[in-house]
Amino acid sequence: MEFIVEKIGMSRTVSVPAVPVTLLKVLDTKVCEVTDGVAIVSYSNGKKFNKTIEGQQKKYNLSKEFNRFATMEVANSEAGDLDVSGLAEAKILKTTFKTKGRGFSGAVKRWNFAGGRASHGHRMGRRTGSIGNAEWPGRVQPGKKMPGQYGNTNVSVKNEIFSFDAETGILAVKGSVSGPNGGLGKVRIAK
């Protein structure tokens with residue numbers, strides 16, 4: 001079973017020793033259509049609206065706020081509100097979020113390279129340094145750590161559930177989860 005969640009942020013428990021937890025809000029989701037356990041679901045996110053979304057809303061008899069659609073595995077057997085009762089008994093979740101995008105980054109930021117000395121007039125600074133071999137093989141090996149696009153990738157992590165409040169839809173999981181506060185992601189029950 002999968003759920004669409006919004007990352008609220010991190011906190012910790014009051015108990016001693018304190019446990020770091022990430023707070024996730026399970027979004028209000030409507031199941032539109034179910035076939036073999038896989039469903040088309042709708043949720044609210046931003047103000048995006050066009051004729052395609054309007055047509056889907058009419059087809060599934062949804063209100064204007066439900067403007068995004070996705071396919072997920074659900075516990076429901078028919079259309080209606082998403083059944084979140086499975087989260088109460090779950091112990092471990094697999095959370096998937098998109099990491100913070102850092103754009104085109106140098107090797108020092110991206111791969112934690114040390115860089116060179118900053119003294120005696122030398123230009124090494126935060127440069128990558130030598131990347132090649134000698135005459136053989138005479139090329140740069142595939143997978144070489146170099147500057148490039150850093151972040152903005154999907155990352156999945158297994159987290160233990162600390163608590164779940166069904167009334168508010170707030171889920172507390174042990175440890176950290178990738179992505180910025182306010183970012184949307186999916187959680188899947190792993191155990």
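The values are calculated or read from the model by the stated rules, or taken from the named source; none is laboratory data. The shown structure was predicted, so the numbers you read here are calculated from the model rather than taken from an experiment. Positions of Cβ are backbone-derived with ideal geometry, glycine not excepted, and every protein chain shown enters the neighbour counts. Surface accessibility is based on the protein's heavy atoms, side chains included, excluding ligands, DNA and RNA. Shrake-Rupley method; radii C 1.70, N 1.55, O 1.52, S 1.80 Å.
Checking residue 78 against (1) surrounded by fewer than 10 Cβ atoms within 10 Å (Cβ to Cβ); (2) under 25 Å from the mean Cα position of the chain (by Cα); (3) under 30 Å from residue 41 (Cα atoms); (4) not β-branched (Val, Ile, Thr), which single condition isn't satisfied?
That leaves (2) as the condition not met.
Would you check if residue 145 is charged (D, E, K, R), surrounded by 10 or more Cβ atoms within 10 Å (Cβ to Cβ) and in contact with an Asp or Glu (Cβ under 9 Å, 6 or more places away or on another chain)?
No, not satisfied.
For region 132-153, name all the residues that are among the hydrophobic types (A, V, I, L, M, F, W, C) and modelled with pLDDT of 90 or more.
Once the filter is applied, which keeps residues that are among the hydrophobic types (A, V, I, L, M, F, W, C) and modelled with pLDDT of 90 or more, region 132-153 yields 136, 140, 146.
Anything in region 1-44 that is within 21 Å of residue 177 (Cα to Cα), open to solvent by 30 Å² or more (accessible area, probe 1.4 Å) and of a type in the set (Asp, Glu)? List them, or say none.
6, 28
Could you grab me the full set of residues in region 4-46 that are of a type in the set (Val, Ile, Thr), over 21 Å from residue 168 (Cβ atoms) and assigned to a loop (DSSP other than H, G, I, E, B)?
If the condition is that a residue be of a type in the set (Val, Ile, Thr), over 21 Å from residue 168 (Cβ atoms) and assigned to a loop (DSSP other than H, G, I, E, B), then 16 is the only one that fits.
Scan region 130-139 and give yes if some residue there is touching a residue at least 12 places away in the same chain (Cβ under 8 Å) and under 30 Å from residue 46 (Cα atoms), otherwise no.
No, every residue in region 130-139 fails to be touching a residue at least 12 places away in the same chain (Cβ under 8 Å) and under 30 Å from residue 46 (Cα atoms).
Within region 155-163, is even one residue surrounded by fewer than 14 Cβ atoms within 10 Å (Cβ to Cβ) and β-branched (Val, Ile, Thr)?
For region 155-163, residues surrounded by fewer than 14 Cβ atoms within 10 Å (Cβ to Cβ) and β-branched (Val, Ile, Thr): absent.
Any idea which of 102, 110 is in a helix (DSSP H, G or I), under 24 Å from residue 156 (Cα atoms), open to solvent by 40 Å² or more (accessible area, probe 1.4 Å) and at pLDDT 90 or above?
110
If I go through region 117-162 residue by residue, how many of them are part of a loop (DSSP other than H, G, I, E, B) and either out of contact with any helix residue (DSSP H, G or I) (no Cβ under 7 Å at 6 or more places or on another chain) or farther than 30 Å from residue 92 by Cα (or both)?
Here the count works out to 32.
Test residue 167 against the criterion of being more than 27 Å from residue 14 (Cα to Cα), surrounded by fewer than 11 Cβ atoms within 10 Å (Cβ to Cβ) and among the acidic types (Asp, Glu), and give yes or no.
no
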